[in-house]
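The values are calculated or read from the model by the stated rules, or taken from the named source; none is laboratory data. Please read all numbers here as calculations on a predicted model, not as lab measurements. Here the Cβ positions follow ideal geometry from the backbone for every residue, glycine too, while neighbour counts run over all protein chains shown.
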Amino acid sequence: MLDEYDAPLQEAYSHGYWAKMTAFIRSLFNCTFKANPHMERGIMTGITRVSKESVFSDLNNLQVITTTSDKYTAAFGFTEQEVEDALALFGLTGTMEKVKFWYDGFQFGRQSDIYNPWSITKYLDSKKLGAHWANTSSNRLVSKLIQEGPPEVKISMETLMSGQSIETPIDEEIVFDRLDGDKTAIWSLLLASGYLKVERVPRDMSDDEDPRDEIYRLSLTNREVNRMFRSMVQDWFHKPKARYNDFVKSLLANDVNHMNQFMNRITAETFSFFDTGNEPSRQEPERFFHGFVLGLIADSRLDYDAGLIGQGFTRDQIRHYGFAFEGKKVLIG
């Protein structure tokens, strides 16, 4: 049995050595599962169904069971009855409603109310509700795809984090070297990883219809996953910022003296006569300073909005305020 076979592949994709890793994995799988005379049957588990062309091209007779398959649906986690029995055994029967709110929501095929075993066992051990499972993974790939994805991806993530659902086609066979160009790949990955659940299963399609045209309605799996994504978004904006944010902070605090100190320091340390003299813009010499101030505050709205959204606010609840700046050039002497 090979557990989490796709973990090194995700790391390879995130760190830029995908081609070398797939060549090695393909050879490893060939020797282990196909050319091995002592192997009768093997099992591989992972959260992503990597395309056959990537690493499985040398293997035959593969049976693939995914999150949308109806086979072994109750074997991927604890059923609700099993969770109730476990809580009763540990004297925690009265917490079932809270446990369901935090950890229920996983669905395999048409079997709903499946619980993550790791989260349940951690709760039974610690007696504390929290994001136990989400903290076990670096989530680098998910974070990378969301941060570098098009605006549609970020808007959809905002919709999901506000408790709503999205509708999108799903392709369970993930081709890693096409992730950057496939807008729906992120949702396929999140569904396979357990971060999303299926709210509406597509209708049964005829043989002449393409399964990739099926539309799934998806939402965040449970409170644990929602908390994990909020922490992820907030971490993006808690990283050290450039010193120019001192100007923005002073502006929002109405600290004119600190704004002047900042402008004087930057002017003395970085500006050149050729930037601020008469020649660059003889008719409107203050234009350079207008551009400089605009550059200081241009990205602040995006950071501010994203930070509030990460705290649970919706875009409709956010209000913006404007500031008027006027620059003047003074001739001395």
Exercise for review: Quick one: count up the residues across region 6-21 that are modelled with pLDDT of 85 or more and of a type outside the set (A, V, I, L, M, F, W, C).
Suggested key: 3
Study note, to complete from the structure: How many residues of region 80-128 are in contact with a helix residue (DSSP H, G or I) (Cβ under 7 Å, 6 or more places away or on another chain) and of a type in the set (Gly, Ala, Ser)? The answer is 3
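Residues are listed down the side, and each one gets a yes or a no for (1) touching a residue at least 60 places away in the same chain (Cβ under 8 Å); (2) crowded, with 18+ Cβ neighbours inside 10 Å; (3) assigned by TED's automatic domain parsing to the domain that holds Glu11:
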{"site": "Gly94", "(1), (2), (3)": "no, no, no"}
{"site": "Trp102", "(1), (2), (3)": "yes, yes, no"}
{"site": "Gln111", "(1), (2), (3)": "no, no, no"}
{"site": "Ile114", "(1), (2), (3)": "no, yes, no"}
{"site": "Ser119", "(1), (2), (3)": "yes, yes, no"}
{"site": "Asp125", "(1), (2), (3)": "no, no, no"}
{"site": "Gln147", "(1), (2), (3)": "yes, no, no"}
Check your understanding: Does Ser119 satisfy being closer than 19 Å to Asn226 by Cβ, out of contact with any Ser or Thr (no Cβ under 7 Å at 6 or more places or on another chain), modelled with pLDDT under 90 and of a type in the set (Gly, Ala, Ser)?
Key -> no
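Is it true that some residue in region 176-192 is of a type outside the set (Val, Ile, Thr), modelled with pLDDT under 75 and over 26 Å from Trp18 (Cα atoms)?
Looking through region 176-192, none of the residues is of a type outside the set (Val, Ile, Thr), modelled with pLDDT under 75 and over 26 Å from Trp18 (Cα atoms).
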